[in-house]
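The values are calculated or read from the model by the stated rules, or taken from the named source; none is laboratory data. Note that the coordinates shown come from a computational prediction; the quantities given were computed from them, not determined experimentally. Here the Cβ positions follow ideal geometry from the backbone for every residue, glycine too, while neighbour counts run over all protein chains shown. What goes into the accessible areas is simple: the full protein's heavy atoms, side chains included, and nothing from ligands, DNA or RNA. Shrake-Rupley method; radii C 1.70, N 1.55, O 1.52, S 1.80 Å.
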Amino acid sequence: MVNSFEFKAQIKQGMIEIPPEYQQNIQEGSDVKVIIVSEETAKPRLMDQLAKQPISVKGWSKPTRDEIHERKS
């Protein structure tokens, strides 16, 4: 016989806790099938984070337009 139920849970220290109302339906040591669907949003890329919140470095200043386009011999 197959018992099927669905619940939301948070992963804590690599473990998923089965809610008490479902624990009675599962025998200790029995095989179960687990399907994980993550509902987290994608983590922004580092460059996108830095564009929104630049890191200030003491003693550094933005180069001028002339310095950026200056040709070196």
I'd like the chymotrypsin sites (Phe, Trp or Tyr not before Pro) in the stretch 1-71 restricted to DSSP loop residues with at most 14 other Cβ atoms within 10 Å, sorted by number. PHE5, PHE7, TRP60
At most 15 other Cβ atoms within 10 Å and a DSSP loop assignment: could you name the trypsin sites (Lys or Arg not before Pro) in the chain that fit? LYS8, LYS33, ARG45, LYS58, ARG71, LYS72
How much mean residue ellipticity at 222 nm does the chain get from its helices, if each DSSP H run of length 4 or more adds -39500 (n - 2.57) and you divide by all residues, to the nearest 500 deg cm²/dmol? -4500 deg cm²/dmol
Given a 1.4 Å probe, the accessible area of the chain per residue, as a whole number of Å², is 116
Pairs of Lys in the chain closer than 29 Å at Cα, counting only those 8 or more apart or on different chains: 11
Whenever you get a sec, compute what percent of the accessible area on the chain sits on carbon and sulfur atoms (1.4 Å probe). 51
Label assignment, log10 I(q)/I(0) by the Debye sum over Cα atoms at q = 0.16, 0.21 Å⁻¹ derived from the structure, set [x] -0.83, -1.09; [y] -0.46, -0.83; [z] -0.77, -1.07: [x]
